[in-house]
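In what follows, a structure is listed as structure tokens, so that the remarks can point back to it.
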Ligand code: ATP
Ligand code: MG
């Protein structure tokens, strides 16, 4: 209870983790829809550091992915970007992300947003039980994947609000396809924000043959 007897409700923070290589409109629509649905005060985008599930694959530098995420979210007053995973300089595990954000925002409720494809694999994530202690989970629909909580039902039986499934406008966009398009000189306009199109071209990202501009920023 605050001054004047008004009850201040706890802040609600969305957490949108991803490789964001590059960030695209599927990510942004997911965050925006969940923010509206759960009356979130803010959505924090968290680009991964070393993406452990993608080890061995060619992932753009954390700084390039971080900057594209900043560019894509800068115009939205309730979107922000966190460097917790980028600066950890270790493989990224969502449980570490949530521990760090909980420490930084002890008075907030965290809502971790995840697409249907990632949700399918969640029981294989490190310390997944602790993850569900640290945040509520929101699974969003994604074209090509079934949005289901069946694999989690028995684990979360006594906690009906631990996971909510949300249908969002279907955008069949993936970073993999954006990288492929950029590599083949095909358009990524309208799949990613304009500033991200320009950043990809400025930094020559995803061009297999082109000389890499690593270290040029
Ligand atoms: P990649 O093809 O490199 O795996 P991606 O498009 O899947 O990239 P990620 O950075 O892996 O993007 O995804 C971050 C989060 O956003 C994940 O939870 C993922 O399920 C979700 N997501 C990605 N694209 C969409 C989309 N088009 N609709 C809904 N959710 C999405
Ligand atoms: Mg993915």
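Assorted remarks:
- Qualifying residue in segment 70-82 (condition: over 19 Å from residue 178 (Cβ atoms) and surrounded by 22 or more Cβ atoms within 10 Å (Cβ to Cβ)): no
- Whenever a residue of segment 186-213 is at pLDDT below 95, its partners that are exposed (fewer than 15 other Cβ atoms within 10 Å of the Cβ) and assigned to a loop (DSSP other than H, G, I, E, B), lying with C-beta atoms within less than 7 angstrom and at least six residues away or across chains, give the pairs 210/204; 213/204.
- Among (1) away from ligand 2 (no atom under 16 Å from the Cβ); (2) touching a strand residue (DSSP E or B) at 6+ places or on another chain (Cβ under 7 Å); (3) in a helix (DSSP H, G or I), the one test that residue 178 misses: (1)
- Subset of segment 167-185 [more than 10 Å from ligand 1 (Cβ to nearest atom) and out of contact with any helix residue (DSSP H, G or I) (no Cβ under 8 Å at 6 or more places or on another chain)]: 167, 181, 183, 184, 185
- Count of segment 158-172 residues which are touching a strand residue (DSSP E or B) at 6+ places or on another chain (Cβ under 8 Å) and under 30 Å from residue 206 (Cβ atoms): 1
- Every residue from segment 137-165 that is away from ligand 1 (no atom under 15 Å from the Cβ) and under 16 Å from residue 14 (Cβ atoms): 161, 162
- Residue count for segment 122-163, restricted to those that are within 15 Å of ligand 2 (Cβ to nearest atom) and in contact (Cβ under 8 Å) with a residue 40 or more places away in the chain: 2
The rows are residues; the columns are (1) part of a helix (DSSP H, G or I); (2) under 22 Å from residue 204 (Cα atoms); (3) at pLDDT below 95.
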position	(1), (2), (3)
21	no, yes, no
28	yes, no, no
43	no, no, no
57	no, yes, yes
66	yes, yes, no
71	yes, yes, no
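- Restricted to segment 102-174, the set of strands (runs of 3 or more DSSP E) holding at least 1 residues that are within 19 Å of residue 46 (Cα to Cα) and more than 16 Å from the chain's Cα centre (by Cα) comprises 108-115.
The values are calculated or read from the model by the stated rules, or taken from the named source; none is laboratory data. Bear in mind the structure is a predicted one, so any value in this text is a computation, not a measurement. Note: ideal-geometry Cβ built from the backbone for every residue, glycine included; neighbour counts use all protein chains shown.
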